[in-house]
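Asker: This is the structure, below, for whatever I ask next.
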Amino acid sequence: MTRGVVLHGTGGVWHVQCEDGESVEAALRGRVKHAGKIKLAVGDQVTLDSDAGGSGWTIVEVLPRRSKLSRREPGRAHGERIIAANVDQVLVVFALRQPEPHVAMLDRFLVIAEANSLAGVVVVNKVDLAGEAEARRLFAAYEAIGYPLHITSCRTGNGLVELREQLRGRTTVVTGPSGVGKSSLMNALYPGLQLRVGEISASVNKGRHTTVGAYLHPLPDGGFVVDTPGLREIGLWGVPSRGLDACFPEIRALRDQCRFGDCSHLAEPDCAVRGALASGRVDASRYASYQKLLDEALQTEKY
Ligand code: GDP
Ligand code: ZN
């Protein structure tokens, strides 16, 4: 028996990294020991047993998950699809320029992280194109809320040591729009590892297979980077309207002070959130994102 982490799975064959660092292929046993009915996902911690003949490995147990990144199918209570298990943080990468950063999209990614109870981390790459002062100005609200902010450049090496430290020993989902430098960052942080973040969906969808699971890439410092083609799709599903306010940490901190327990923070009297908006303690663009996502969620729930 040995313990391992699921790195990838295709067609019933699971690639598992064992505790000794060796990667093996394993099959899932028909009856697996675990808490409930679960589907195996990358990032799952499993117990392996070698087959009777000693020729292969079988997954006999899935250990309890400490977290998960999942996507809910709208209108289906049990339609949850687990994208990765035991994720620690979601790294949301934007570029300071080329392409111009859209903070509304950043808010959307951070809400997905919050909805999954995962820590969000903001990375502003390509600082060489406009300077650190400009990066701090544009993203000051996120630092104020408490999100770790990393200002980086693959060209100058700015911020890479700190970012590598942020990833050490953790399981990280890397996401963000295309062209912001996600792959360049991974390759600058871990030369020789050839991490192809976000490329899998593009290449695979052109081929015959339309669905592909996530990959877990082991890092030399310990920890993993999750490469998932699915995170943008999760964004489209959104988050239920009820509880959306809890996905904005600065609103979450205030909502108990609103007069009404079910305050939507849109028009109710004595709303602590709108009070803080008026005094500038809640950022106007963050509040606009909240309004937009709430509106989207309510529209989706109508059908
Ligand atoms: P991805 O789609 O997010 O994975 O982005 P890529 O890593 O493919 O990078 C997109 C483009 O941005 C490439 O032409 C990179 O050379 C360039 N790039 C990446 N990082 C930086 C950076 O820090 N500064 C500048 N100026 N360009 C960068
Ligand atoms: Zn309110």
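Asker: For region 167-193, give me each residue that is at pLDDT below 95 and touching a Lys or Arg at 6+ places or on another chain (Cβ under 7 Å).
Answerer: 174, 176, 181, 183
Asker: For region 250-264, how many residues meet the condition of being more than 8 Å from ligand 2 (Cβ to nearest atom), open to solvent by less than 80 Å² (accessible area, probe 1.4 Å) and not hydrophobic (A, V, I, L, M, F, W, C)?
Answerer: 1
Asker: When you check residue 180 against the structure, is it outside any helix (DSSP H, G or I) and closer than 26 Å to residue 242 by Cα, yes or no? Can you show your working first?
Answerer: On the way: outside any helix (DSSP H, G or I): yes; closer than 26 Å to residue 242 by Cα: no.
Taking the combined requirement at face value, the residue does not satisfy it.
Asker: Return yes when residue 147 is over 15 Å from residue 226 (Cβ atoms) and surrounded by fewer than 21 Cβ atoms within 10 Å (Cβ to Cβ) and no when it is not. Write out each step before concluding.
Answerer: Working: over 15 Å from residue 226 (Cβ atoms): yes; surrounded by fewer than 21 Cβ atoms within 10 Å (Cβ to Cβ): yes.
When the stated conditions are applied, residue 147 passes them.
Asker: Tally time: how many residues in region 273-293 are surrounded by fewer than 19 Cβ atoms within 10 Å (Cβ to Cβ) and of a type in the set (A, V, I, L, M, F, W, C)?
Answerer: 3
For every residue, the table says whether it meets (1) assigned to a strand (DSSP E or B); (2) among the β-branched types (Val, Ile, Thr); (3) over 13 Å from residue 159 (Cβ atoms).
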{"residue": "93", "(1), (2), (3)": "yes, yes, no"}
{"residue": "100", "(1), (2), (3)": "no, no, yes"}
{"residue": "105", "(1), (2), (3)": "no, no, yes"}
{"residue": "111", "(1), (2), (3)": "no, yes, yes"}
{"residue": "114", "(1), (2), (3)": "no, no, yes"}
{"residue": "117", "(1), (2), (3)": "no, no, yes"}
{"residue": "121", "(1), (2), (3)": "yes, yes, no"}
{"residue": "124", "(1), (2), (3)": "yes, yes, no"}
{"residue": "128", "(1), (2), (3)": "no, no, no"}
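Asker: I'm told residue 98 meets every condition in (1) within 16 Å of ligand 1 (Cβ to nearest atom); (2) surrounded by 14 or more Cβ atoms within 10 Å (Cβ to Cβ) except one. Can you identify the failing condition by its number?
Answerer: (2)
The values are calculated or read from the model by the stated rules, or taken from the named source; none is laboratory data. All values reported here derive from a predicted model rather than from experimental measurement. Don't worry about glycine lacking a Cβ; one is built from the backbone with ideal geometry, like all the others, and counts go over all protein chains shown. Side chains included, ligands, DNA and RNA excluded: accessible areas come from the protein's heavy atoms. Shrake-Rupley method; radii C 1.70, N 1.55, O 1.52, S 1.80 Å.
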